[in-house]
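Novice: Below is a structure I'd like to ask you about.
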Amino acid sequence: MATSTEKPLVQPAGIPRRARFRSDRTQRVNESVIREMTRLAAQHKAVNLAQGYPDFPAPEILKNAAREAITADINQYAITWGSKPFRDAIAAKYQRTYGLAIDPESEITVVCGSTEGMMVSLLALTNPGDEIVIFEPYYENYGPDTLLCGAQRKFVRLHPPDWTFDPDELRRAFSPRTKAVILNSPGNPTGCVFSRKSLEMIAALCQEFDALAITDEIYEHILYDGAQHVPIMQMPGMRDRTILVNSMSKTYAVTGWRVGWVLASPDLSESIRKVHDFLTVGAAAPLQAAGAVALSLPDDYYATMAREYTQRRDTILDVLDSVGFRCWRPRGAYYVMADISSFGYPNDVQFVKHLVEDVGVAAVPGSSFFENPAEGAQLVRFCFCKKYETLEEARKRLRKL
Ligand code: GLN
């Protein structure tokens with residue numbers, strides 16, 4: 001896609017002449033389309049339904065806790081794998097919510113967001129050439145994450161309307177070279193929530209092929225229509241072969257804080273902590289102090305949040321439906337995948353270009369969630385973690401379609 005300055009949305013695969021200083025590993029990776037869409041949204045003053053971050057305020061109690069921590073001079077490095085009060089609060093929350101006993105001393109690594117959590121886990125636990133199973137469509141980052149590690153990727157398709165997988169296809173994706181499967185449920189971009197039965201199938205294959213499950217559980221509390229989140233780490237045989245990645249970003253509406261955590265058995269955590277230490281040393285100390293407050297919030301915080309997101313989901317579905325998109329109703333997370341075939345565009349990138357430049361709404365082209373861009377050519381992702389006014393403004397603008 002070309003912007004007004006003719007800069008391509010997706011960088012071409014060829015290696016430009018000036019690239020001789022760049023490492024081979026970065027040559028395989030394109031710039032994030034999600035983050036680029038946010039830049040384009042700003043440039044065109046579009047309503048940003050592209051990158052998944054709230055435009056409403058973070059909870060007052062967390063902002064106060066962060067301010068107080070800075071005033072109290074919690075301003076120097078925390079322990080590299082996380083401040084003790086924050087790790088204790090994380091452990092207590094997993095115990096309370098899922099009955100999972102996590103040792104804060106040896107099984108938690110606090111990181112700079114789940115983006116770092118995923119990357120350090122892959123760097124710490126995979127070797128170049130290892131096979132990694134990924135459900136597709138997948139959150140854009142897993143592509144570059146695995147490419148930067150030199151992994152061989154095996155994609156397993158999620159099928160609408162419920163974005164479920166074919167068990168035979170999943171089995172065929174596993175081999176003796178499989179090191180890990182990446183799971184994201186509730187899932188971005190589809191809103192899928194894996195059933196207990198699906199998780200049991202994945203758990204059984206992990207054990208049969210001696211593979212790890214690396215799970216991105218960042219939308220664990222954003223669930224609709226009675227859907228339940230089950231951490232695969234809870235399942236028989238999975239406690240010590242699961243790496244659970246999560247963060248404060250989505251649950252507490254603080255995506256800019258960059259505070260996340262990785263839970264894993266002590267031996268795996270030891271490697272993860274090494275990579276984390278040399279990559280970032282640690283996450284922001286005062287924000288970890290506020291994190292301890294966040295993870296101690298009572299259960300009704302999560303219930304209220306899920307209720308509010310349900311209303312936002314229903315609003316965006318109504319908006320999109322009323323202007324001619326065919327949508328799949330998400331059961332979790334805060335994105336909707338929409339089919340654009342009724343609009344007659346050759347592909348998602350051209351459609352999104354028209355949307356951001358002429359209609360004034362930014363979305364993410366579906367191709368960014370597939371290995372083969374053609375598979376997402378009639379799909380677009382909208383995020384709805386936005387104020388009602390923002391969603392209503394999008395409704396007004398989308399009528400131009
Ligand atoms: N998870 C968000 C999305 O999919 C964005 C995360 C990010 O940009 N770091 O839009």
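Novice: Along each principal axis of its Cα atoms, how long is segment 308-398 end to end? Whole angstroms, biggest number first, please.
Specialist: 35, 28, 18
Novice: Taking the Cα of Asp314, stepping 7 Å toward and past its beta carbon, and measuring to each backbone N in segment 212-226: which are under 14 Å?
Specialist: So the set is 224-226.
Novice: Ok, one more. Just rank Thr80, Thr304, fewest to most, by other beta-carbon atoms within 10 angstrom.
Specialist: Thr304, Thr80
Novice: Here's a follow-up. How much length is gained on full extension from Asp103 to Asp55, taking 0.36 nm per residue of separation minus their Cα-Cα distance?
Specialist: Between Asp103 and Asp55, full extension yields 13.8 nm more.
Novice: Projected onto the charge dipole of the chain (+1 at Lys/Arg Cβ, -1 at Asp/Glu Cβ, origin at the Cα centre), which of Ile243, Tyr334, Trp81 gives the Cα projection farthest towards the positive end?
Specialist: Tyr334
Novice: So if R0 is 56 Å, what FRET efficiency would Asn75 and Asp321 give, r being the distance between their Cβ atoms, rounded to the nearest 0.05?
Specialist: Calculated value: 0.70.
Novice: For segment 145-157, take each phi angle, set θ = phi - 60°, evaluate the Karplus expression 6.51 cos²θ - 1.76 cosθ + 1.60, and give the result in whole Hz per residue in order, putting x for glycine and proline.
Specialist: 3, 6, 5, 5, 8, x, 7, 8, 9, 10, 9, 10, 6
Novice: Please give the net charge around Cys112, taking every other residue with its beta carbon less than 13 angstrom from that of Cys112, where Lys and Arg add +1 and Asp and Glu add -1.
Specialist: Local charge sum for Cys112: -1.
Novice: Distance between Cα centroids, segment 149-211 to segment 288-324: provide it in whole Å.
Specialist: 26 Å
Novice: Hey, how many Å between the Cα centroid of segment 220-261 and the Cα centroid of segment 326-401?
Specialist: Segment 220-261 and segment 326-401 have Cα centres separated by 26 Å.
Novice: If I take all pairs of Cα atoms in segment 126-239, what percentage of them are more than 26 Å from each other?
Specialist: Counting every Cα pair in segment 126-239, those more than 26 Å apart make up 12 percent.
Novice: Here's a follow-up. When Lys and Arg each count +1 and Asp and Glu each count -1, what net charge do the other residues less than 14 Å away from Ser269, Cβ to Cβ, add up to?
Specialist: -2
Novice: Order by neighbour count: Trp328, Trp163, Trp261, Trp81, fewest other Cβ atoms within 10 Å first, most last.
Specialist: Trp328, Trp163, Trp81, Trp261
Novice: Can I ask one more? Any idea what Rg and Dmax come out to for the chain if you just take the C-alpha atoms, in Å?
Specialist: 20.6, 58
Novice: For the chain, what is the calculated [θ] at 222 nm in deg cm²/dmol (nearest 500), taking -39500 (n - 2.57) for each run of four or more DSSP H residues and dividing by its residue count?
Specialist: -11500 deg cm²/dmol
Novice: Identify all aspartates and glutamates with a Cα-Cα distance to Lys387 below 14 Å; exclude those on the same chain that are fewer than 8 residues away in sequence.
Specialist: In chain and number order, the partners are Asp55, Glu308, Asp314.
Novice: FRET efficiency for Glu200 and Ala306, Cβ-Cβ distance as r, R0 = 30 Å, nearest 0.05?
Specialist: So the FRET efficiency works out to roughly 0.75.
Novice: If you add up the charges near Ala290, with Lys and Arg at +1 and Asp and Glu at -1, over every other residue whose beta carbon is less than 13 angstrom from its beta carbon, what do you get?
Specialist: With Lys, Arg at +1 and Asp, Glu at -1, the neighbours total +1.
Novice: Want the number for Arg25 to His159: 0.36 nm per residue separation, take away the alpha-carbon distance, what's left?
Specialist: 45.1 nm
Novice: Given points 7 Å out from each Cα along the Cα-Cβ axis, report the Glu389 to Asp210 separation in nanometres with one decimal.
Specialist: Once both label points are built, they end up 5.9 nm from each other.
Novice: Using a Förster distance of 41 angstrom, determine the FRET efficiency expected from the C-beta separation of Lys396 and Ala92, and round it to 0.05.
Specialist: So the FRET efficiency works out to roughly 0.35.
Novice: Classify segment 73-131 as rounded, prolate or oblate, taking a ≥ b ≥ c as the square roots of the eigenvalues of its Cα gyration tensor: rounded when a/c is under 1.5, otherwise prolate if a/b is larger than b/c and oblate if not.
Specialist: It comes out oblate by the Cα gyration axes.
None of the figures in this text is laboratory data; all of them are computed from the coordinates on show. Quick caveat, the model's predicted, so the values are computed rather than measured. Positions of Cβ are generated from backbone atoms using ideal geometry, with glycine treated the same way; all protein chains shown enter the neighbour counts.
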